[in-house]
Amino acid sequence: MEEKRSGIMNKNIFYKRTFVTGCILLAGITSLFITASFSVIDKNSSAKTGTLKIIFRNTANGKPVILRDSLYNNYFGEQYSISKLKYYISNITMGNNGSSNDMGGYYLMNVATGDSSLELTLEPGNYNSLGFLLGVDSLRNCNGAQTGALDPMNDMFWTWNSGYVMFKMEGNSPASTSDLQRIEHHVGGYKGSNNVATKIHFNFTGTVPLEIIANSTTEILVETNLDNYWHGSTDIKISELPVCTIAGELAKKIALNFKNLFSIKNIRIIP
Amino acid sequence: MKIKIIISVMLFFITSLFIIGATTDDGYGPYDPQPITLEIPSGWPKPSTNIFANNKLTEQGFQLGKKLFYDGRLSKDGEVSCASCHQQFAAFATFDHDLSHGVHNTFSTRNAPGLFNLAWMTELHWDGGINHIEVQPLFPLTALNEMGETLDSVIFKIKKDTTYKRMFKAAFGDATINSQRMLKAIAQFTGTLVSANSKYDKVKRGEAAFTPFEEKGYEVFKAKCASCHKEPLFTDNSYRNNGLALNRFFDIGRQRITQLSSDSLKFKVPSLRNAQLTFPYMHDGRIYSIPQVIDHYRTGIITDQPTLDPLLQNRIPMTNLEKNQLVYFIYTLTDSSFTKNTRYAPSNGSITDPGFDKH
């Protein structure tokens, strides 16, 4: 019994010593590493970075989207409520005088969980365009099991016909002819002409350029206005299209309005 | 000079991380992955290019995938594992069942196909709806008439098992359990199930000889079946309407995936390998025996279907002798070294004999 305990003690001391030695080593090496990186920064000051934060504010009829609460009217006077609103934002690009910075990334905006923003680290400077994809690019749709925002546990992946739901809105409307007057729009599809992932692009040329300042956060407020979801390039009436849960013609029709969903409402720099 | 310093500092840094890592014990055992490779039989085409592109094959990953494959906890009632419907003695199809049993006495609506040589397929399922082997399990795991579980619940359950934590660490470097790792591990198991040691293969390798009857059957096969059931995989992975009537589930096959009416009633051409063991046949198991399947092609094809395969417009004329010869050739595609390979069997059990099948 005694022997066993002392054995454990010895082991503990051994681990402690290893740990302490490791910590000292790590601290020393880290400081060396930091010094080394600073010497690089001296040469090229662009290694300092700033943060870009894009906040998506979901609205309908000028009101914020609140799940299972507010009632909204679409362009055709059809009243509806929303119980789910989720969409992917990916492949973010920042344009800088003709050259484009591909920031990549996959983000899931989800009203239910409060996920409504994304953050990127960028080189300081003036940028004159911002682009992103509403949805998930084709390549990532057929590249096997993903994690993070693209984890199928987020309930945005079709199990029977592989591919991501790019935009999901569920709710209810008296105009809906579906069971329980449901609205169920799972808009997806990545193959060929069925691809609904939509490139969104904002130009800052001629206006104030988008400025990224080192050690500061530039915050862009993007409004996702659902009024434009129903009416814009095409008409989406709840009475005619209450349910769309597969890729194809209906999803493509809904996606025609995607490009008008977003607008920039405010840009501010938080030092 | 400066770069040299930076590199040496970084190397030192990384090495020390390894030393620290080695002395830190998270309690879940070692990470010492042993790489394995997908065996590509001689004369076969290259496997699907992206199958293991982001999923490095290791013995530990394979073993983890195998454990998951045989684990009933992946289903709602704890009873239905992948292996319930994909039984090794039936070349990983469901033995002697047209449809398979899901949780709570449910039935699937399609016949469970055999699982082998999946690395040579670009799409899975009878309708080709699955675009990558890693995401295939999501369907049976969550289908109410198969394993009936939610992905969250599956991950919750296996996270509680220390053995899994050890195995995830052994396969992926740390004990994190998530859906991506689970799916990649299962793909390491299912994607490396290779069946290429039938009598046919031995004949091709010069290690055996067909009987004259089998040889004649091979001639019949080459003349009348091989354009769709293309050697050496015995499928061309295409989708075709082979003249069956629409079934009671109104299963329109490939059309459900593509939304194209030209794909109505088209289903994936199944491999003929191990066909002796994967009965009953067709996407809903409606035809019980190989001779009956051949009779369907000889006389049963419904020819007034707009999407009927052009190769079947005149059905497949064949004498009774040719039919019997063909059956015997198909029997030469049975790979008993595959169905008896203990590497594919559960680690703590044996391959169940079909005679003791509890279904």
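Values quoted throughout were computed directly from the atomic coordinates according to the rules given, and no laboratory measurement underlies them. None of the values given here were measured: they were computed from a predicted structure. Counting neighbours? That spans all protein chains shown, and the Cβs are built from the backbone with ideal geometry, glycine included.
Over 22 Å between Cα atoms: which of B:Lys66/B:Lys169; B:Lys202/B:Lys340; B:Lys266/B:Lys323; B:Lys202/B:Lys222; B:Lys204/B:Lys230; B:Lys67/B:Lys202 fall into that group? List each step's numbers first, then the result.
Numbers: B:Lys66/B:Lys169 15 Å; B:Lys202/B:Lys340 17 Å; B:Lys266/B:Lys323 25 Å; B:Lys202/B:Lys222 18 Å; B:Lys204/B:Lys230 15 Å; B:Lys67/B:Lys202 31 Å.
Beyond 22 Å: B:Lys266/B:Lys323; B:Lys67/B:Lys202.
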Residue-averaged [θ]222 nm for the protein assembly as shown, counting only DSSP H segments that reach four residues, each worth -39500 (n - 2.57) = -8500 deg cm²/dmol
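Please tell me the relative contact order of chain B in percent, rounded to the nearest whole number, where contacts are Cα pairs under 8 Å and at least six residues apart. Mind showing how you got there, number by number?
On the way: 596 pairs, mean separation 71.7, N = 359.
Relative contact order here is 20 percent.
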Specify whether the C-alpha gyration tensor of chain B places it in the rounded, prolate or oblate class, a ≥ b ≥ c being the square roots of the eigenvalues: rounded for a/c under 1.5, otherwise prolate if a/b is larger than b/c and oblate if not.
-> prolate
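Taking beta carbons within 10 Å but only from partner chains, what does the mean come to for residues B:130-136? Intermediate values should be presented prior to the final figure.
Numbers: counts 6, 9, 6, 2, 5, 12, 4.
Whole-number average of other-chain Cβ neighbours for B:130-136 is 6.
Taking Rh as the Kirkwood radius, which is the inverse of the mean 1/r over Cα pairs, what is the Rg/Rh value for the protein assembly as shown?
On the way: Rg = 29.3 Å, Rh = 28.4 Å.
For the protein assembly as shown, the value is 1.03.
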For B:Trp126, A:Trp230, A:Trp160, what's the fewest-to-most ordering of other Cβ within 10 Å of each Cβ?
-> A:Trp160, B:Trp126, A:Trp230
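So which of A:Lys191/B:Lys157; A:Lys53/A:Lys86; B:Lys224/B:Lys268 end up more than 23 Å apart by C-alpha? Each step should come with its number before you reach the end.
Values: A:Lys191/B:Lys157 35 Å; A:Lys53/A:Lys86 19 Å; B:Lys224/B:Lys268 18 Å.
Checking Cα-Cα distances, A:Lys191/B:Lys157 exceed 23 Å.
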Please give the average number of partner chain Cβ atoms lying within 10 Å of the Cβ of each residue in B:168-180, rounded to a whole number.
-> 2
Can you give me the pair-distance distribution of segment B:119-252, C-alpha pairs, 10 Å bins, whole percents?
-> 9, 26, 26, 21, 14, 3
Return the FRET efficiency for the residue pair B:Thr162, A:Thr113: r is the Cβ-Cβ distance, R0 is 30 Å, and the value is rounded to the nearest 0.05.
-> 0.50
Averaged over the residues of A:158-170, the number of partner chain Cβ atoms within 10 Å of each residue's own Cβ comes to 4
Under 5 Å between amide H atoms, partner at least 5 residues away or on a different chain: which partners does A:Met103 have, H built in plane at 1.01 Å?
-> A:Ile92, A:Thr93, A:Met94
Give the shape of segment A:142-238 as rounded, prolate or oblate, defined through the alpha-carbon gyration tensor: a ≥ b ≥ c are the square roots of its eigenvalues, a/c under 1.5 means rounded, and otherwise the shape is prolate if a/b is larger than b/c and oblate if not.
-> oblate
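Would you list the membrane-span-like helices of chain B, meaning whole DSSP H runs whose alpha-carbon atoms span at least 30 Å along their axis and whose mean Kyte-Doolittle value is at least 0.5?
Working: long enough: B:2-23 (32 Å, 2.01).
Helices meeting the criterion: B:2-23.
I need the fraction of alpha carbon pairs in segment B:56-112 separated by more than 13 Å, rounded to a whole percent.
Details: 1017 of 1596 pairs.
Percent of Cα pairs beyond 13 Å in segment B:56-112: 64.
Classify segment B:82-150 as rounded, prolate or oblate from the Cα gyration tensor: take a ≥ b ≥ c as the square roots of its eigenvalues, call it rounded if a/c is under 1.5, otherwise prolate when a/b beats b/c and oblate if not. If you can, show how the numbers build up before the last one.
Values: a/c = 1.88, a/b = 1.20, b/c = 1.57.
Oblate, because a/c is 1.5 or more while a/b does not exceed b/c.
Quote the FRET efficiency, to the nearest 0.05, computed for A:Asn61 versus A:Ser239 with a Förster distance R0 of 22 Å and r equal to the Cβ-Cβ distance. If you can, show how the numbers build up before the last one.
Details: r = 18 Å, r/R0 = 0.84.
With a Förster radius of 22 Å, E is 0.75.
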